[in-house]
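Enquirer: Have a look at this one.
The values are calculated or read from the model by the stated rules, or taken from the named source; none is laboratory data. Here the structure is a predicted model, which is why all the values come from computation and not from measurement. Every residue, glycine as well, gets a Cβ built from its backbone with ideal geometry; the counts of neighbours run over all protein chains shown. Quick note on the areas: whole protein, heavy atoms, side chains included, nothing else; ligands and nucleic acids left out. Shrake-Rupley method; radii C 1.70, N 1.55, O 1.52, S 1.80 Å.
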Amino acid sequence: MATDEGENLLNPGDTPHANAQFLVFCAAVIRAVHKYAYLLRLSVSGASNDHRLGANEAPPAIISVFLGEQLADVFGQLEKGGAKSSKDGGHIAVGVSMLPRLPRDAGDRNRTSPFAFTGNKFEFRAVGSSQSIAGPNTVLNTIVAESLDYVATRLEAAVKGKKDLNKATQALLSELTAEFKPVLFDGDNYSAKWHEEAQRRGLPNLRTSVDVIPLATSKESVDLFTKYKVYSKRELVSRQEIMLENYCKTINIEALTASTIAHTMILPACLRYQAEVAGAVCSARSVGLEDDQESGLLRELVDGASALREAAVALDDAIAQQPHGDLLKHATYQRDVLLEAMSSIRKCADKMELLVADNYWPLPKYREMLFVR
């Protein structure tokens, strides 16, 4: 975030004035993230990103802000009034004293945070690799503009009331910090304890796109985007329908693909290997030998193939019964029914992958993908 002359407004400066400017703009961004966390989650919604969030080095769906120990301590002091000693031995008084020097990489050590301060900028890490950054940037610019509008209005009113600007700024920062404090979190965003703590703090945990897409046309969302002439209500309704339609199409393609792979690739491989094992068992028995291990393997293969086929048929039935017409109802059905049906196939296939010989299995096995030779 910079001026038209290239000055970085999130760069902690070397003067009291620059420090005050940094704190105001930093606080405005954090307030925006806290107040409009659902819009940030909305901006990164999508069927593919639902798989990613909270896994494989991606942050969870809970939006929180990581500041780093030093900057978190600064805002903690500001919340209490600002006249406390800093970790580097000074005093935090806006516009008068200096901030302790913040290491440039101090905020870059928590890769589980969705929104982290990294020395002189914030990083929004929840955007999916296949997504355009236009949507998230539009949301970020709008919510930060609203927050800066709020801050400027408050400070301008204080100055018109003959209050000292620095004192008014310090008082406002104290108020803002108390307001956005629940969104600040420097710990492990993957831990179950954080999910419980986030719920106690009142932070939204919109786990799936179906949970958040309907909020695109909420009153708060419409009021925000229309106030700053970013989107009209009609445009928000249109975007909501497009997002739901894209979700429905993506999940439908995933379901059809899962069914095809199960029916035409995995199940035939399981049956071919089952036939080979059955032949070995019959040969052993024909010469008077009884191999319990081979018989046990054959039973596991028969049961596993049967379970896989049942799961594939159940998925086919679920695909055929999808409701059409109401996009939200359709998307909700897919999330609650189709995804669960696909998960059942996945569990069956994962079990069979451990039983079927490599030369029969038609796809790369997990160990082959994880340990490339």
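Enquirer: What share of the DSSP beta bridges in the chain is antiparallel, in percent to the nearest 5?
Expert: Numbers: 5 of 8 bridges.
Once the DSSP bridges in the chain are tallied, antiparallel ones form about 60 percent.
Enquirer: Which links in K160/K227; K80/K167; K249/K329; K80/K181; K249/K347; K167/K227 stretch past 20 Å when you go from one Cα to the other? Please report the intermediate quantities before stating the final value.
Expert: Values: K160/K227 25 Å; K80/K167 14 Å; K249/K329 14 Å; K80/K181 12 Å; K249/K347 24 Å; K167/K227 30 Å.
Among K160/K227; K80/K167; K249/K329; K80/K181; K249/K347; K167/K227, the Cα-Cα distance tops 20 Å for K160/K227; K249/K347; K167/K227.
Enquirer: V313 to Q199: FRET efficiency via 1/(1 + (r/R0)^6), r the Cβ-Cβ distance, R0 45 Å, to the nearest 0.05?
Expert: That gives a FRET efficiency of 0.75.
Enquirer: With the chain treated as a Gaussian network of Cα nodes joined by springs under 10 Å, which of D211, D303, D223 yields the largest mean-square fluctuation?
Expert: D303
Enquirer: Please name whichever of G81, Q334, Q70 sits farthest to the positive end of the charge dipole of the chain, dipole taken about the Cα centre and charges placed at Cβ: Lys and Arg +1, Asp and Glu -1.
Expert: Comparing the listed Cα positions along the dipole, G81 ranks first.
Enquirer: Counting only other residues whose beta carbon sits under 11 Å from that of D211, what net charge do I get with K and R as +1, D and E as -1?
Expert: Residues near D211 contribute +2 overall.
Enquirer: Sort 215-222, 334-341, 175-182 by packing, meaning the average of other beta carbons within 10 Å per residue, with the highest value first.
Expert: 334-341, 175-182, 215-222
Enquirer: Any idea what the dipole of the chain comes to, in debye rounded to 20, about its Cα centre with Lys/Arg Cβ at +1 and Asp/Glu Cβ at -1? Please report the intermediate quantities before stating the final value.
Expert: Numbers: 42 positive and 47 negative charges, 265 e Å.
Dipole about the Cα centre, nearest 20: 1280 debye.
Enquirer: Quick one: if you stick a label point 7 Å off each Cα along the C-beta vector at E220 and K167, how many nm between them?
Expert: 3.4
Enquirer: Label 7 Å along Cα→Cβ of D188; segment 109-127 residues with amide nitrogen under 20 Å?
Expert: Under 20 Å, as judged by backbone N against the label point of D188, lie 109-116 of segment 109-127.
Enquirer: Right, next: Modelled label-to-label distance, E179 and A284, 7 Å Cα→beta-carbon offset: nm?
Expert: 7.3
Enquirer: Now for a different question. Using +1 on the beta carbon of Lys and Arg, -1 on that of Asp and Glu, and nothing else charged, what's the dipole of segment 147-207 about the Cα centre, debye to 20?
Expert: Here the size comes out at about 240 debye.
Enquirer: While we're on this one: Accessible area per residue, 1.4 Å probe, Å², for the chain: what's the number?
Expert: That works out to 52 Å² for each residue.
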